[in-house]
1. Here are some pairs, 91/319; 26/49; 50/324; 84/114; which of them have Cα atoms lying more than 21 Å apart in this structure?
2. If you take the beta carbon distance between residue 319 and residue 216 as r and set R0 to 51 Å, what does 1/(1 + (r/R0)^6) give as a FRET efficiency, to the nearest 0.05?
3. Could you pull out every one of the lysines with an alpha carbon less than 25 Å from that of residue 217, ignoring same-chain neighbours closer than 8 positions?
4. Given points 7 Å out from each Cα along the Cα-Cβ axis, report the residue 38 to residue 197 separation in nanometres with one decimal.
5. Which one of 39, 314, 73 is farthest out on the positive end of the charge dipole of the chain, using unit charges on Cβ (Lys, Arg +1; Asp, Glu -1) and the Cα centre as origin?
6. Against the longest alpha carbon principal axis of the chain, how many degrees, from 0 to 90 and to the nearest 10, is the axis of helix 182-192 turned?
7. Can you tell me the Rg and Dmax of the chain, counting just the alpha carbons, in angstroms?
8. Roughly what % of Cα-Cα distances in the range 235-337 sit above 23 Å, to the whole percent?
Amino acid sequence: MKKIRYAIIGAGTMTQEHIQNLSIIKDAEVVAISDIHRQSIIKCKKILKKQVLFFKSHKELIKKNIADVYLISTPNFTHLKILKDVLKSKKHILVEKPLCVNTKDCIEFKKLAKNYPSIIWTAMEYRYMPPVAKFIQEIHNKSIGNIKALSIREHRFPFLVKVKNWNRFSKNTGGTLVEKCCHFFDLMRLIIKSEPISVYASGNQDVNHINERYNNKKPDIIDNAYVVVNFKNGVRGLLDLCMFAENSDMQEELLAVGNKGKIETSVPSQQSGKSSSEIRIGLRKNLKTKKQTIKVDKKILNAGYHYGSTYYQHLSFIKAIKKKMKAEVSLQDGLVSVAIGEAAEKSIKEKRLVYMKEIVN
Ligand SMILES: NC(=O)c1ccc[n+]([C@@H]2O[C@H](COP(=O)([O-])OP(=O)(O)OC[C@H]3O[C@@H](n4cnc5c(N)ncnc54)[C@H](O)[C@@H]3O)[C@@H](O)[C@H]2O)c1
């Protein structure tokens, strides 16, 4: 079968991860990239296994009509404008998270994309980390009965340095709880199978980027928070984020409790070097315990920094294209994950419970 041809907009860190993953997927190939940043282009050229076309602007790239997929992997604040241009192509779209920097822009784009003839998929790739995917499957199979509470902890390293330091300011990213944590809010919604009604968060910029200055401006992004999300079906989600915990053994820890038991898993940090983790289900009845080891192939782990999720997301995306299926991660999923993040940022600023209806009508 013909390879799916990817054209990538943006040549930065995340694109380099996409290139490495696509190079180990036999059904896919990168055919073109657009960017103007010299260092990003040089880095891409170093890891590309074959020659691809480079363009200075995405509009030039789209005009060439040489791809089946446009992958948008540029700074968050550029997504909306580029998405609008790519819509004209009618080709499949994979857009990096967060869909846009705020809910208003996501809504605007969703309206424009109504009746789009091809797939538009928001890259909420944490769904595809092998231990997380198994955790979700077990919960949906009722292994712990009916879920009542879900807790996600991410303790990791600070934000990396990005091209022109765009990620140091909330106006470019949406704020930490949109930029980074849209992944976790997406997981909560997916796992809990309900919609959020309100959010309470407490957080601050306590340690990271405090002494950095860009054009005399201090970064305004928080580096730790607790966020409680209340869902319509009564289930609560808790996010515990800390971004000055680079020496963690596990980067993400997920726990859910149901009326019949509890399930736990974790995602090893890159620096731990671990390629396997465990799913543990502890039932209340007779205190029975079930454990399973989830291993990830080293070749897949070495193709990126997201514990195999970039690879498995591409496999699902390509399958959806080939089998003419719908996007597994829809625009609505992208939108609500941003909206919860926006509500959490607002809750921190205004020190109060924020209702989702204040953010999305
Ligand atoms: N899925 C994940 O877990 C994950 C992880 C990291 C980053 N991301 C997302 O990926 C996107 C890119 O982040 P990054 O880490 O690669 O940033 P980066 O700063 O490393 O790279 C961004 C690149 O985009 C280029 N660019 C800017 N405007 C452009 C335009 N109009 N056309 C073409 N290129 C343009 C810049 O020159 C730069 O080379 C962001 O939305 C980010 O949130 C997702």
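1. Details: 91/319 15 Å; 26/49 13 Å; 50/324 28 Å; 84/114 12 Å.
Too far apart for the 21 Å limit: 50/324.
2. Values: r = 49 Å, r/R0 = 0.96.
Rounded to the nearest 0.05, the efficiency is 0.55.
3. 162, 164, 171, 180, 346, 349, 351
4. Result for the modelled spin labels: 5.8 nm.
5. 314
6. On a 0 to 90 degree scale, this one is about 50.
7. Final numbers for Rg and Dmax: 20.0, 65 Å.
8. Numbers: 2525 of 5253 pairs.
I get 48 percent for the Cα pairs in the range 235-337 exceeding 23 Å.
The values are calculated or read from the model by the stated rules, or taken from the named source; none is laboratory data. Note that this is a predicted model, so its numbers are computed, not measured. Please note: Cβ atoms are built from the backbone with ideal geometry, for glycine as well, and neighbour counts cover all protein chains shown. Each accessible area value is taken on the protein alone, full model and side chains, heavy atoms only, with ligands, DNA and RNA left out. Shrake-Rupley method; radii C 1.70, N 1.55, O 1.52, S 1.80 Å.
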